[in-house]
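Please treat every number below as a calculation from the coordinates, not as lab data. None of the values given here were measured: they were computed from a predicted structure. Every residue, glycine as well, gets a Cβ built from its backbone with ideal geometry; the counts of neighbours run over all protein chains shown.
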Amino acid sequence: MKKLFIVPTPIGNLKDITFRAIEILNSVDFILAEDTRKSKILLKHYNINIPIKSYHMHNEHSKTKGIIKLIEKGIKIAIISDAGTPSISDPGFYLVREALTHNIKVECLPGATAIIPAIVQSGFPNDRFVFEGFLPKKKGRKSRIQSLVNERRTIVFFESPHKLLKTLFEFNSYFGPNCRISISRELTKIYEETFIGTIKESLVFYSNKKIKGEFVICISSKNNLDELGTKESC
């Protein structure tokens, strides 16, 4: 059966990969990777000697048609990203959609993710949450945040180090200084760190330190705060 494999990779700690992921990566004809230099570190660690080709946001549209043709000819292909699951704020969505359009089965393996650990260790209700990924860089950014002000579920974002303070200042303006926030940095890595407090407190915390690493931000809605029995509100 013609099939495309979506294989999650560790978000930091190389041990966080499944036996099945290694098995699949060893069984395909070649691997598509967001950054071949980073992916080669993982593949070398597990003695996976399969050809690797570049597939990222700048070439996915031009390369997808050719990849689909290869799969239709019986070539076995897996796609990985730098960390986590492809297509979740990473390249892969376009390829998956095209594969399904051409009646190619897509098999996505479970694996490491930064979203679940961040929300679980935040202490915020996690029976219902909304994942927003990265906010728009410019156009539509403020309207996106504004649309979430009355959200009753915990909200989860990704953010880069150079934009963290800008984002926190915007959250302070829209959600309010007393809104509860959890900010996880470098999950599964040596310098893993999670700050939990108010948005106002987070601004003080991060304004006085060098900001490094990738971040997962969780914001607790007013409804969640009521459930937690706190007087603070968003």
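Brief remarks follow.
- Of the helices (runs of 4 or more DSSP H) entirely within region 1-84, those holding at least 2 residues that are touching a residue at least 12 places away in the same chain (Cβ under 8 Å) and among the small types (Gly, Ala, Ser) occupy 19-27.
- For Ile24: the one exception among (1) more than 19 Å from Ile104 (Cα to Cα); (2) of a type in the set (A, V, I, L, M, F, W, C); (3) surrounded by 17 or more Cβ atoms within 10 Å (Cβ to Cβ): (1)
- For region 33-76, taking the residues that are of a type in the set (A, V, I, L, M, F, W, C) and in contact with a helix residue (DSSP H, G or I) (Cβ under 6 Å, 6 or more places away or on another chain), the one that is surrounded by the most Cβ atoms within 10 Å (Cβ to Cβ) is identified as Ala33.
- Subset of region 85-113 that is in contact with a Gly (Cβ under 9 Å, 6 or more places away or on another chain) and buried (at least 21 other Cβ atoms within 10 Å of the Cβ) - its residue that is farthest from Phe215 (Cα to Cα): Pro86
- Scanning region 127-165 for residues that are basic (Lys, Arg) and closer than 29 Å to Lys212 by Cβ gives Lys137, Lys138, Lys139, Arg141, Lys142, Arg144, Lys163.
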